[in-house]
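Worksheet: one structure, shown below.
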Amino acid sequence: MPLDPTTRFRNILIILFCGFVSFPALGDQGVLQCDLFSGQLTKEGSQKSIEMRPKANKHCLTCDGGSCALKTWPENNTQEAAICKRLYCTPTSSPKEMFSDNSWGSFEADIFFEITKNGRGKFKSVVIKDKKVRVYKKEIEKTLTKYLRGVRFAPLKIDGEKFSVTNAVSGFEYVNRKTNPLQRDDY
């Protein structure tokens, strides 16, 4: 007797989840956030990710032409969202430092980016949440563009063809050590 789509999907997610228990911080991800700054896949983790993707592609992605978009998950589906984010938008490597101490001050932002067909990060836009820092938006965009060029992801291949991921987003909090000396160990 065939399984209904919901049961089948949950079984696939359980299998994927079991395959990723070796990844650090799997449950720490937000529903819509990629892991751009909180961790990287190891070489072994990256290989497991690539192996698991064919089973999760139709559940995690919406593809059209040469690009795919990450599906949005309801807030009560945090495990499913965490697995999809881990499989498709957790870097394999990234530059060690993004911002040096500067006069901008500390700020929070949402960074919107693309993962190219070759697995590189490509800056799209930033939403800075702190009004006093918005005057530095052009400089912050320039820095993020440079940083994301150095971020690498496992390229997405479906049936031998490479695809980009167009709607990746990551939350970010920068603590300036000059303006917040008590938080020196945060970054």
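For the stretch 159-175, backbone phi angles converted through the Karplus equation (6.51, -1.76, 1.60; θ = phi - 60°) give residue-by-residue couplings of 6, x, 9, 7, 10, 9, 10, 9, 10, 6, 9, 9, x, 8, 10, 9, 10 Hz, Gly and Pro being listed as x. Taking all protein chains together and rolling a 1.4 Å probe, Cys63 ends up with roughly 60 Å² accessible. Amide H contacts of Cys68 (H built 1.01 Å from N, in plane; Pro and chain starts excluded): Ser164, Val165, Thr166 sit under 5 Å, all sequence-distant by 5 or more or on other chains.
Compared with the direct C-alpha span, the chain from Lys71 to Lys157 gains 29.2 nm at full extension, assuming 0.36 nm per residue. For Glu51 and Glu97, calculate 0.36 nm times their separation in residues minus their Cα-Cα distance, and state this gained length in nm to one decimal. Contour length minus Cα-Cα distance gives 13.5 nm. Among the listed pairs Lys55/Lys157; Lys117/Lys157; Lys48/Lys146; Lys55/Lys85; Lys43/Lys122; Lys122/Lys162, a Cα-Cα separation exceeding 18 Å is found for Lys48/Lys146; Lys43/Lys122.
The values are calculated or read from the model by the stated rules, or taken from the named source; none is laboratory data. Since this is a predicted model, take the numbers as computed values, not measurements. Each accessible area value is taken on the protein alone, full model and side chains, heavy atoms only, with ligands, DNA and RNA left out. Shrake-Rupley method; radii C 1.70, N 1.55, O 1.52, S 1.80 Å.
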